[in-house]
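The values are calculated or read from the model by the stated rules, or taken from the named source; none is laboratory data. No experiment lies behind these values; they were computed from the predicted model shown. Note that we place each Cβ from the backbone using ideal geometry, even for glycine, and neighbour counts take in every protein chain shown.
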Amino acid sequence: MRRPGLHKLSARRVAALTRPGRYGDGGGLVLVVRRRGGPLERLWVFRYSRGPRGAQRESTVSLGPAGDVSLTLARELAGRCRAALAAGEDPRRALGPHRGATFGEVRLGRPHGLEDREHGRAGA
């Protein structure tokens with residue numbers, strides 16, 4: 001059963017969108033269409049707020065370019081993010097070990113959650 005306010009976009013409409021802007025599918029899933037210099041760029045993002053009332057901070061996490069991430073996959077990833085938020089976890093960590101890794105973790109080759117074999121502990 002479809003939740004009200006979810007799945008506002010169709011695959012056909014997503015493919016046809018050429019005007020720069022933000023197009024919401026519901027539940028925090030947004031297709032960002034923008035032009036940066038050359039060709040049109042289309043990117044799926046998940047928008048969410050965390051923190052106590054009155055002090056909430058809005059954040060976004062990229063789910064990938066629309067050419068690589070289908071509408072169905074973007075909806076699945078957004079669902080994982082919503083589930084992580086409901087459990088009180090960071091949605092960036094719910095998407096996998098490389099998603100949400102800091103620059104230092106990637107540079108050192110130890111994304112969060114992967115074991116540091118040399119020291120026998122989780123990545124710093």
Quick one: is Arg75 in contact (Cβ under 8 Å) with a residue 60 or more places away in the chain and either of a type in the set (D, E, K, R) or farther than 22 Å from Thr18 by Cβ (or both)? yes
So, in segment 10-32, of the ones that are assigned to a helix (DSSP H, G or I) and of a type in the set (D, E, K, R), which residue ends up farthest from Arg47 (Cα to Cα)? Arg12
If I go through segment 31-58 residue by residue, how many of them are surrounded by 10 or more Cβ atoms within 10 Å (Cβ to Cβ) and free of Cβ contacts under 8 Å to residues at least 24 places away in the same chain? 11
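Tell me whether segment 41-60 contains one or more residues that are over 14 Å from the mean Cα position of the chain (by Cα), modelled with pLDDT under 90 and among the aliphatic types (A, V, I, L, M).
Checking segment 41-60: at least one residue is over 14 Å from the mean Cα position of the chain (by Cα), modelled with pLDDT under 90 and among the aliphatic types (A, V, I, L, M).
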Just to be sure, is Leu6 assigned to a loop (DSSP other than H, G, I, E, B), of a type outside the set (Phe, Trp, Tyr) and closer than 23 Å to Ala84 by Cα? yes
Would segment 9-28 turn up any residue that is farther than 28 Å from Asp90 by Cβ and surrounded by 15 or more Cβ atoms within 10 Å (Cβ to Cβ)? yes
Arg92: surrounded by 13 or more Cβ atoms within 10 Å (Cβ to Cβ), under 24 Å from Arg22 (Cα atoms), at pLDDT below 90 and of a type outside the set (Phe, Trp, Tyr), yes or no? yes
